[in-house]
């Protein structure tokens with residue numbers, strides 16, 4: 001979910017631009033940073049993929065990993081979240097460091 005200060009349409013506009021800028025329906029891992037406006041990086045995706053946490057439905061195109069655009073958008077939707085209050089143990093630590 002987007003945070004309260006950011007309208008939902010802002011993210012939908014970004015997603016529509018990603019879809020429009022990738023007319024073939026897939027994004028190569030090597031181009032993911034450029035094709036998502038810097039929201040995702042090649043190394044980050046490779047790390048997540050190796051842990052089984054990456055974008056779903058990836059496939060090999062020759063020797064190159066590619067992701068369906070719809071799967072990239074779904075992944076980004078899941079990653080967008082509201083800022084959350086710090087857990088209690090982190091709040092205490094920051095208070096100690098300040099005091």
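Derivation of every value follows stated rules applied to the coordinates shown; laboratory data play no part. These figures come from a predicted structure and were not determined experimentally. Note that we place each Cβ from the backbone using ideal geometry, even for glycine, and neighbour counts take in every protein chain shown.
So for the pair residue 53, residue 78, with labels modelled 7 Å out along Cα→Cβ, what separation do we get in nm?
1.1
Packing-wise, with mean Cβ within 10 Å as the measure, how do 55-66, 28-39 rank, highest first?
Descending mean neighbour count gives 28-39, 55-66.
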